[in-house]
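Written below as structure tokens is the structure these notes are about.
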Amino acid sequence: MRTRTAGALTLLLAAGTLGALTGTAGAAPPAGAGTENTTTGSATAFPLVGGAGVFLTAYDPDGEAPLTVPEVFAGSYECFADESLPADFRGLGSVSTAGTTGVTCFADGLPDLTGTLTVDVQWRGRGPATEQPEPPFPTECDLRVLIRQADVTGSIALEIPALGIDATTDLVGVPGDIRTALSNCAAPH
């Protein structure tokens with residue numbers, strides 16, 4: 001499972017560096033056509049909470065349960081979630097995530113810190129989706145990436161006592177995006 005998830009996340013991150021996408025994924029080829037199709041989704045936002053940046057990335061890897069992987073940037077510290085949070089994807093229309101997780105914070109030469117992050121966040125797509133151009137490098141698969149801008153609403157609570165952070169922020173129209181990547185790879189010969 002980790003390998004498939006890592007592959008799907010790598011594909012999405014690579015697609016994210018190439019630009020914006022639109023449209024909807026085409027239908028899969030008929031069974032036995034010698035291809036493997038995968039569809040992977042993601043959503044991102046970067047709101048501020050109590051002076052810290054909370055980077056939210058939700059993933060919908062093909063064939064696996066959707067999840068959100070939050071990161072927090074507070075001063076010199078980078079904080080990682082102890083557990084991923086569940087997510088719900090509705091294509092390029094909307095994404096939601098909710099839950100509570102511990103965070104562990106690291107910084108060079110400083111003691112490790114812990115805290116708690118609670119999210120209840122929704123992405124709502126707005127405007128048309130656009131298609132990202134094909135990558136400028138050769139690939140083994142046909143890749144189609146669609147992106148739609150989104151308004152992010154909900155709330156985030158962050159508590160990191162050692163940094164004096166104990167804040168809740170209500171999100172209203174924070175910018176974000178929702179992406180879908182369709183990969184069509186020929187079967188090995």
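The values are calculated or read from the model by the stated rules, or taken from the named source; none is laboratory data. Worth saying up front: this structure is predicted, and the values here are computed from it rather than measured. Here the Cβ is made from the backbone with ideal geometry for all residues, glycine too, and neighbour counts use every protein chain on show. For accessibility, only protein heavy atoms count, side chains too; no ligands or nucleic acids. Shrake-Rupley method; radii C 1.70, N 1.55, O 1.52, S 1.80 Å.
Mean sequence separation of contacting Cα pairs (under 8 Å, at least six apart), scaled by the length of region 78-172, corresponds to a relative contact order of 23 percent.
Can you pull a Stokes-Einstein diffusion coefficient for region 40-184 at 10 °C (1.306 mPa s), Rh from Kirkwood over Cα pairs, as a whole number of µm²/s? Using the Kirkwood radius from Cα pairs, D works out to 99 µm²/s. Computed from the alpha carbon atoms alone, the convex hull of region 139-180 holds 118 Å³ per residue.
Counting Lys and Arg as +1 and Asp and Glu as -1 over every other residue whose Cβ lies under 11 Å from the Cβ of residue 96, the net charge comes to 0.
Placing unit charges on the Cβ atoms only, positive for Lys and Arg and negative for Asp and Glu, gives region 40-184 a dipole magnitude near 520 debye about its Cα centre. Take residue 106: with every protein chain present and a 1.4 Å probe, its accessible area is about 90 Å². Here is the list for region 59-138: GluC sites (Glu not before Pro) lying in DSSP coil, each with at most 16 other C-beta atoms within 10 angstrom of its C-beta, are 64, 83.
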